[in-house]
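> Could you have a look at this structure, given as structure tokens, before my questions?
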Amino acid sequence: MSVVVVIGGQWGDEGKGKVIDLLAEKAAYVVRFSGGNNAGHTVVNDYGQFRLHLVPSGIFNPGTACIIGNGVAVDPASLIEEMDVLEKGGVSVQRLYISDRAHVIMPYHLLQDGLEEACRGTGALGTTRKGVGPAFSDKASRTGVRMVDLLDSNSLRERLAIVLEFKNRLLKEVYGASPLDLELVCEEYYKYGQRLAPHIRDTIALLGAALEQKSHILLEGAQGAMLDPDFGTYPYVTSSPPTAAGACQGSGIGPTRLDKVLGVFKAYATRVGQGPMPTEMAPPTGEMVRERGQEYGTTTGRPRRCGWFDAVAGRFAARVNGFDGAIITRLDVLDTLTSIKVCTQYNLDGVLLDSPPSDADLLVRCQPVYQEWPGWEAPTSGVRRFRDLPEPARNYVNGISEVTGCPVHLVSVGPHRDETIELREIF
Ligand code: GDP
Ligand code: IMO
Ligand code: MG
């Protein structure tokens, strides 16, 4: 039996979608356990190119069931749109199951996300404005609406009557915005419930049975460790745990059932949205990497900030997730560089740090201490065996492994499922 967790080791967009699509060939279940449609997971395979936001990236494998776990915040309209795109592309969504306990992103969450960002002014977080933060806030403050509530129009109306009472006060009296109409919201969201009803399940029971049958289960992380509300660059973080611990909480699989936790790292670093990023590259190199790597947000289209590999953040991610190994992606993006830097420590006012400080203001002041590696200046996308990579590329991969303390399991050299080098077996 194998339960494998795949976690973003940086600030998201590490290539988790590609990795999951590949690994799903061997998995009976793929489970999303956190985040919402703030995530954008790109999959390139024989069906074409897809940008998944809520549907797990295992959906392309006919033998794999996909679960949107209890820890995900679901925008039903966005999910339905995604399911339609997949069906049109010839991909069946029949084996997609949504936890009845998953929270729903409601129209006021979308409004709140935009209004709160506007209020933050120059301190805006740069959220994806998908309403994910406000939905998780409501989950914690016990005013959330869950998928199960969408299945019964009377209980939905009862629940919403209470919630809209104070949401409308907030919209009108704090933000001066228009209130929402109870009946219209009920009608719209009950309709979504009806459409999604065949997929809504007790997914904890489903996964419990899968564990008993010793099925292979893949837990698909969203976002990345450095966006975690506890461990990330607070307050420039997301609002649900993208970590291995979050995988348990958001799926209903207990911690003792996890067999392997793998961290996905880009061969360099990117970040979209605001917040400190000590290894951010100066414009000419940053722009070159952005263009070569087409580093634009999958969900929002925003240009991603590019930086050198940050092993201080990488080690920290490995520690808080207990990574058993690493997956390095986008090695090919570095193919043309003559030399490549890796940050091994931060220098904070003359003091060398091995792990990131908790205060974002201090992190901004940290100067990266770099190791410099020679580039390989040769194409790597066609390589399928580690030993066939140019020597400097192998040294670089081994170097990342060493500075993060994670044995490398896979190296990705292109977006397509096949553009992958396997170093260690995962299932
Ligand atoms: P995710 O959110 O972690 O799933 O990552 P995204 O899909 O947001 O961003 C990763 C991008 O890199 C996508 O466009 C992928 O198609 C692409 N990608 C993944 N692995 C590789 C790789 O090894 N090389 C290149 N060039 N692109 C890759
Ligand atoms: P995937 O799963 C990269 C970032 C946003 C913003 C911060 C808070 O594709 O790796 P939110 O909308 O969550 O309240 O925004 O988090 N963010 C991501 N960045 N990849 C993601 O997901 C992200 N999901 C959220 O840009 O900085
Ligand atoms: Mg992404």
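> Answer yes or no as to whether Leu125 is within 12 Å of ligand 2 (Cβ to nearest atom), farther than 30 Å from Leu23 by Cβ and touching a residue at least 24 places away in the same chain (Cβ under 8 Å).
Yes; evaluated as a whole, the condition is true for this residue.
> Pick from Phe323, Phe316: which is within 24 Å of Gly246 (Cα to Cα), of a type outside the set (A, V, I, L, M), assigned to a loop (DSSP other than H, G, I, E, B) and away from ligand 3 (no atom under 16 Å from the Cβ)?
Phe323
> Quick test for you: out of Ser141, Ser92, Ser78, Ser99, pick the one residue that is within 20 Å of Arg32 (Cβ to Cβ) and free of Cβ contacts under 8 Å to residues at least 40 places away in the same chain.
Ser92
> If I filter segment 267-274 for residues that are open to solvent by 10 Å² or more (accessible area, probe 1.4 Å) and more than 16 Å from ligand 3 (Cβ to nearest atom), do I get at least one hit?
yes
> Report, ordered by the first and then the second residue, all pairs with beta carbons closer than 6 Å, sequence separation of six or more or different chains, a first member in segment 347-368 that is closer than 15 Å to Tyr236 by Cβ, and a second member that is assigned to a strand (DSSP E or B) and at pLDDT below 95.
Matching pairs, first to second residue: none at all.
> Out of all the residues in segment 163-177, is one or more open to solvent by 20 Å² or more (accessible area, probe 1.4 Å) and among the small types (Gly, Ala, Ser)?
Yes, segment 163-177 contains a residue that is open to solvent by 20 Å² or more (accessible area, probe 1.4 Å) and among the small types (Gly, Ala, Ser).
> Which members of segment 312-326 meet the condition of being touching an Asp or Glu at 6+ places or on another chain (Cβ under 8 Å) and open to solvent by less than 10 Å² (accessible area, probe 1.4 Å)?
The answer is Val312, and nothing else.
> Next up: When segment 252-278 is examined, which residues are found to be of a type in the set (Ser, Thr, Tyr) and within 16 Å of ligand 2 (Cβ to nearest atom)?
If the condition is that a residue be of a type in the set (Ser, Thr, Tyr) and within 16 Å of ligand 2 (Cβ to nearest atom), then Tyr268, Thr270 are the ones that fit.
> So, one more: Based on this model, can you work out whether Val185 counts as touching a residue at least 40 places away in the same chain (Cβ under 8 Å), assigned to a helix (DSSP H, G or I), open to solvent by 50 Å² or more (accessible area, probe 1.4 Å) and more than 30 Å from Thr233 (Cα to Cα)?
In short, no.
> Follow-up question, since we're still on this one. Looking at segment 12-34 only, could you name the residues that are near ligand 3 (Cβ under 10 Å from one of its atoms), open to solvent by less than 10 Å² (accessible area, probe 1.4 Å) and either without any contact (Cβ under 8 Å) to a residue 24 or more places away in the chain or outside any helix (DSSP H, G or I) (or both)?
Gly12, Glu14
> Which residues, counting only those in segment 1-52, are more than 15 Å from the chain's Cα centre (by Cα), away from ligand 1 (no atom under 12 Å from the Cβ) and of a type in the set (A, V, I, L, M)?
Result: Met1, Val3, Val4, Leu23, Ala24, Ala27, Ala28.
> While we're on this one: I'd like to know if segment 136-146 contains one or more residues that are closer than 21 Å to Gly193 by Cβ, assigned to a helix (DSSP H, G or I) and open to solvent by less than 50 Å² (accessible area, probe 1.4 Å).
Within segment 136-146 (the criterion being closer than 21 Å to Gly193 by Cβ, assigned to a helix (DSSP H, G or I) and open to solvent by less than 50 Å² (accessible area, probe 1.4 Å)), the answer is yes, since at least one residue qualifies.
> Only one of (1) within 16 Å of ligand 1 (Cβ to nearest atom); (2) crowded, with 23+ Cβ neighbours inside 10 Å fails for Ile253. Which number is that?
Checking Ile253 against (1) within 16 Å of ligand 1 (Cβ to nearest atom); (2) crowded, with 23+ Cβ neighbours inside 10 Å, the one that fails is (1).
> Then there is this: Against the conditions (1) under 17 Å from Gly69 (Cα atoms); (2) more than 16 Å from ligand 1 (Cβ to nearest atom), where does Leu125 fall short? Just the number, please.
(1)
> So Ala210 clears everything in (1) in contact with a strand residue (DSSP E or B) (Cβ under 7 Å, 6 or more places away or on another chain); (2) hydrophobic (A, V, I, L, M, F, W, C); (3) closer than 30 Å to Phe309 by Cα; (4) assigned by TED's automatic domain parsing to the domain that holds Ala65 except one condition, right? Which one?
Every condition holds for Ala210 apart from (3).
> Could I ask something else about it? Looking only at strands (runs of 3 or more DSSP E) that lie completely in segment 341-427, which have at least 3 residues being open to solvent by 20 Å² or more (accessible area, probe 1.4 Å) and not aliphatic (A, V, I, L, M)?
Here the list reads 367-374.
The values are calculated or read from the model by the stated rules, or taken from the named source; none is laboratory data. All values reported here derive from a predicted model rather than from experimental measurement. Because the Cβ atoms are built from the backbone with ideal geometry, glycine has one as well, and the counts that use them run over all protein chains shown. All accessible areas refer to the heavy atoms of the entire protein, side chains included, with ligands and DNA or RNA removed. Shrake-Rupley method; radii C 1.70, N 1.55, O 1.52, S 1.80 Å.
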